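The values are calculated or read from the model by the stated rules, or taken from the named source; none is laboratory data. Predicted model only: the values in this text are computed from it and were never measured. Quick reminder, even Gly has a Cβ in these numbers, built from the backbone with ideal geometry, and neighbours come from all protein chains shown.
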Amino acid sequence: MASIIRLKRSATSGNPATLAAGELAYSSLAGTISNGGDRLYIGTGTETNGDAANHEVVGGKYFTTKLDHALGTLTANSALLVDANKKVNELLVDNITIDGNTISSTNTNGNIVLDPNGTGVISASSSKITDLVNPTDDSDAANKYYVDTQIAAGNAGATLTYVTDLSNPGTLSLASESFQFEGGTGIVTSSRTSSDSDVVIHTLANTSVSAGSYGSTTQIPTFTVDAQGRLTAAGVSNVATNLSLAGDTGTDTVSLLDSDITFVGTNPVQTVVTNNTVTIGVDDATISSKGIAQFNGTDFSVASGVVTVKPTTLGTTSINPGETDSDILGLGQITVGDFRIDNRTLATTDSDNGLMFIDPGGNNAVLGRVIIRGDLQVDGTQTTINSTSLSVDDLNIVLADGATVAADANGAGLTIAGAGATLTYNASGDRFDFNKSVNASSGNFQIGGKVLDEYIDDQVDSLLTAGTGIGLTYDDGAGTLTVAGTDATTSAKGIASFATANFNVASGAVTIKEVNGGVY
């Protein structure tokens, strides 16, 4: 099952109330200019009670949907995007439409007013108004229309208003005064009398808009329009192009324009990016390598993400891991090598020779002693004693009674004919040699002066050593050997339980569920 990484998110709120430094959050609330929706946020600056000083907007649908149209084409509810020639196909400002070479008004019978502020003038420096009778351009035609309509109406005293002072406009008599427009560009700034032969036109004062292009891959152009619908200022608004990253250790900054975010796994974690999807996987664990593991249901129990080892049952006794039980009940038989304890019988599984040895000295050395407490019964059809002297009384049987040194008694012992079983004295090792198994119906075996249980405990303690994540504690006095797992840390392997919020555990298989920023 693929792991999931989820950002902090909300469909009902804009800017999150709390956002840690480096933490990302996305609002899918339908965005407006003021509600903060459809935006991607990142926390920056010093944290106070887990909240960063700044919640920066670094992108989101609110912005990208305003940039999803053809360059140079004016689009409703979208940003202005100029084409390769720094142009847009049209521009709408209130009731004014600028399209191609035309400035027009959209309201019915609406006027187009050029109204400079203060002492400003209207400049027409690129075109002279020279001919009112046979106009050659639109500005000439506009003035000709006014003169024609006044004269045609018989208004002999009609006048043409001109401006020398914005607070004191003058007039020209259309019936008695001759005039022409020529020279510079703009609005008249000199005085006019009836003897003047021309009107000098001067340059209109500049607005605060400067020529040039606005915006870039890191900026959005902005414009200011006054009450008369004029562009008075232009500028840009910066768009964040860097994404700050922070981990448990270390920080970094990724340029959104020319850099990539690389996901790197550390063995055994592997990362794969396909079709805008980041897949994080973990190798299977082996005896020598860390990784994810599945727990065999026969040996382990997994409940609520907690992994435990199932008890081992010997006979009718259940032994839990880490516990020691000196009494094991209900065993039918125990076989060690060719040696078998079956109910009350010591037997050999050596089907070829059927031999059984009791070797208290070990390594066939003639050492040690076998003590049988209680009566001894040997069943057979023949008893052979290979010795020079046999002494029997109520207390014991003496073999090799005439021997004065160990070598004289070498080979002394008991032989069971037919069974091939022998108990003989070995002088070279000063020990008894058994060639058959020994069944003690009661009492304890001793090895080196220690009972068999204690001897086995000591041998097991020497044989077993603690490993990675496993600790051994042997209490000789109590006769216990404790096997316990050590808790895993970030730097050491050990046993662990799996939090249900972060992991899935199904049929013993452990997978990462998701990394979830939560909902705000």
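The condition of being surrounded by 13 or more Cβ atoms within 10 Å (Cβ to Cβ) and over 23 Å from the mean Cα position of the chain (by Cα) holds for only one of F445, F498, that being F445.
Would you mention how many residues in the stretch 20-39 are among the aliphatic types (A, V, I, L, M) and not in a loop (DSSP other than H, G, I, E, B)?
So the count comes out to 3.
Counting residues in the stretch 353-373 that are over 27 Å from D458 (Cβ atoms), out of contact with any Lys or Arg (no Cβ under 6 Å at 6 or more places or on another chain), exposed (fewer than 12 other Cβ atoms within 10 Å of the Cβ) and assigned by TED's automatic domain parsing to the domain that holds K436 gives one or more. Summed over the stretch 94-124, residues that are within 57 Å of the chain's Cα centre (by Cα), surrounded by 11 or more Cβ atoms within 10 Å (Cβ to Cβ) and part of a loop (DSSP other than H, G, I, E, B) total 2. Annotation note: Cβ proximity below 7 Å between a residue of the stretch 320-336 that is closer than 15 Å to I470 by Cβ and a residue that is among the small types (G, A, S) (sequence gap 6+ or interchain) occurs for G322/A484.
Return yes or no: is D433 under 23 Å from I371 (Cβ atoms), part of a strand (DSSP E or B) and in contact (Cβ under 8 Å) with a residue 60 or more places away in the chain? It is true that D433 is under 23 Å from I371 (Cβ atoms), part of a strand (DSSP E or B) and in contact (Cβ under 8 Å) with a residue 60 or more places away in the chain.
For the subset of the stretch 455-513 comprising residues that are among the acidic types (D, E) and assigned to a strand (DSSP E or B), which member is farthest from I319 (Cα to Cα)? Of everything passing the filter in the stretch 455-513, D487 is farthest from I319 (Cα to Cα).
On the stretch given as the stretch 263-281, residues that are touching a residue at least 60 places away in the same chain (Cβ under 8 Å) and touching a strand residue (DSSP E or B) at 6+ places or on another chain (Cβ under 6 Å) total 2. Those residues that are more than 30 Å from D327 (Cβ to Cβ) and exposed (fewer than 13 other Cβ atoms within 10 Å of the Cβ), I need them from the stretch 468-495; list them, please. Selection gives T468, D487, T489, T490, S491, A492.
Listed here are the strands (runs of 3 or more DSSP E) enclosed by the stretch 294-358 that have at least 1 residues being within 46 Å of the chain's Cα centre (by Cα) and at positive phi, and there are none.
Before we move on, is Y455 farther than 20 Å from P321 by Cα and either at pLDDT 75 or above or surrounded by 14 or more Cβ atoms within 10 Å (Cβ to Cβ) (or both)? Give the steps one after another, and end with the answer.
Numbers: farther than 20 Å from P321 by Cα: yes; either at pLDDT 75 or above or surrounded by 14 or more Cβ atoms within 10 Å (Cβ to Cβ) (or both): yes.
Yes.
Scanning the stretch 215-260 for residues that are among the charged types (D, E, K, R) and at pLDDT below 85 yields R230, D258, D260. For the stretch 237-253, taking the residues that are among the hydroxyl-bearing types (S, T, Y) and in contact (Cβ under 8 Å) with a residue 40 or more places away in the chain, the one that is nearest to G43 (Cα to Cα) is identified as S244.
Take the residues in the stretch 1-19 that are hydrophobic (A, V, I, L, M, F, W, C), in a loop (DSSP other than H, G, I, E, B) and out of contact with any Lys or Arg (no Cβ under 9 Å at 6 or more places or on another chain); name whichever of them is surrounded by the most Cβ atoms within 10 Å (Cβ to Cβ).
To start, the set of residues in the stretch 1-19 that are hydrophobic (A, V, I, L, M, F, W, C) comprises 1-2, 4-5, 7, 11, 17, 19.
Next, only the ones that are in a loop (DSSP other than H, G, I, E, B) stay: 1-2, 7, 11, 17, 19.
Subsequent filtering for residues that are out of contact with any Lys or Arg (no Cβ under 9 Å at 6 or more places or on another chain) retains 2, 7, 11, 17.
Values: A2: 11, L7: 14, A11: 11, A17: 9.
Here the residue is L7.
So for the stretch 287-294 (the condition being among the charged types (D, E, K, R) and either more than 22 Å from I495 (Cα to Cα) or out of contact with any strand residue (DSSP E or B) (no Cβ under 7 Å at 6 or more places or on another chain) (or both)), does at least one residue qualify? Yes: the stretch 287-294 contains one or more residues that are among the charged types (D, E, K, R) and either more than 22 Å from I495 (Cα to Cα) or out of contact with any strand residue (DSSP E or B) (no Cβ under 7 Å at 6 or more places or on another chain) (or both).
Quick grid of which residues meet (1) under 30 Å from I98 (Cβ atoms); (2) surrounded by 16 or more Cβ atoms within 10 Å (Cβ to Cβ); (3) at pLDDT below 95:
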position: S27; (1), (2), (3): no, yes, no
position: L40; (1), (2), (3): no, yes, no
position: N54; (1), (2), (3): no, no, no
position: T65; (1), (2), (3): yes, no, yes
position: D68; (1), (2), (3): yes, no, yes
position: A76; (1), (2), (3): yes, no, yes
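Given the criterion in contact (Cβ under 8 Å) with a residue 40 or more places away in the chain and closer than 24 Å to A347 by Cα, identify the matching residue among A427, A419. Before the answer, list the steps.
Numbers: A427 fails: closer than 24 Å to A347 by Cα.
Of A427, A419, the one residue that is in contact (Cβ under 8 Å) with a residue 40 or more places away in the chain and closer than 24 Å to A347 by Cα is A419.
If you take the residues of the stretch 230-241 that are more than 16 Å from S210 (Cβ to Cβ) and surrounded by 14 or more Cβ atoms within 10 Å (Cβ to Cβ), which of them is farthest from the chain's Cα centre (by Cα)? Looking at residues that are more than 16 Å from S210 (Cβ to Cβ) and surrounded by 14 or more Cβ atoms within 10 Å (Cβ to Cβ), I get V239.
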